[in-house]
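The structure appears below as C-alpha cells.
The values are calculated or read from the model by the stated rules, or taken from the named source; none is laboratory data. The model shown is predicted, which means the values in this text are computed figures rather than measured ones. Ideal geometry is used to build each Cβ from the backbone, glycine not excepted, and the neighbour counts take in all protein chains shown. Side chains included, ligands, DNA and RNA excluded: accessible areas come from the protein's heavy atoms. Shrake-Rupley method; radii C 1.70, N 1.55, O 1.52, S 1.80 Å.
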Amino acid sequence: MESFTNSNSSWPNLRGSIATNVFVLFLMRLGLGLIPGMTAEAAWTITSILYDSITFLMFHWILGVPFALNQGEFEDLTLWEQMDKGEPFTPAKKYLTIIPIILFLLGTHYSHYDMPTFIINLIALVIVLIPKFPAMYKVRIFGINQKPHTD
C-alpha cells in the first residue's frame, strides 16, 4: 500500500474535475467550430480524436510520476493504473470512460452515420477504451511502453 496520497493520480477525484473536463471539451469543440469551412461532422470527429489521443497519452502511455517523492513506487505504472490505487470502476474512472463513448456517439450522430467517419470514430474509441479494462491492468501489449528493468 502507498504511504501517502499520490498527488499525480488524485486530481481526477477532486471536486470540479468533471466540470473542468466538460468545459475543456466545450472549448475544444467551439474552437474547431469557429474554423471557416469546418462542418459539424468534422468538428465532432476531430474533437473526439483529439480528446482520445490526449487522454490516451496522458492516462495510458506515460509511466511514473513527474516528481521523485515516492522512492520509485509508481515508476512502472501509468496514470490510469495509479488512480484510486488500481481499483476498477471508481467514479473518476467511470466518468473518464464515459466521456469518449459520448464523444463517439456525438461524432457518429453528427456525421449522419457515414461509414468512413464512423470507422474513424470507432477506431479512436477502441484505442482509448481497451487500456481502461480491468484485465489490462499492468499489461503491456507486445512489450510496448514497458520500462527496461535494471538490476
Original post:
So residue 36 fits all but one of (1) of a type outside the set (Val, Ile, Thr); (2) loosely packed, with under 13 Cβ neighbours inside 10 Å; (3) in a helix (DSSP H, G or I); what number is the exception?
Top reply: (3)
**OP:** For residues that are of a type outside the set (Lys, Arg), open to solvent by less than 50 Å² (accessible area, probe 1.4 Å) and either closer than 14 Å to residue 40 by Cβ or in contact with an Asp or Glu (Cβ under 9 Å, 6 or more places away or on another chain) (or both), tally how many sit in segment 89-125.
**Re:** 12
Subject >> Cross-chain or 6+ apart pairs with Cβ under 8 Å, segment 121-150 first and in a helix (DSSP H, G or I), then at pLDDT below 70 >> reply: none
**OP:** Please list, ordered by first then second residue, the pairs with beta carbon atoms under 7 Å, 6 or more apart or interchain, first in segment 17-30 and touching a residue at least 40 places away in the same chain (Cβ under 8 Å), second part of a helix (DSSP H, G or I) and open to solvent by 80 Å² or more (accessible area, probe 1.4 Å).
**Re:** 17/11
**OP:** Report, by residue number, each residue of segment 103-128 that is within 13 Å of the chain's Cα centre (by Cα) and either within 17 Å of residue 25 (Cβ to Cβ) or of a type in the set (D, E, K, R) (or both).
**Re:** 103, 124, 125, 128
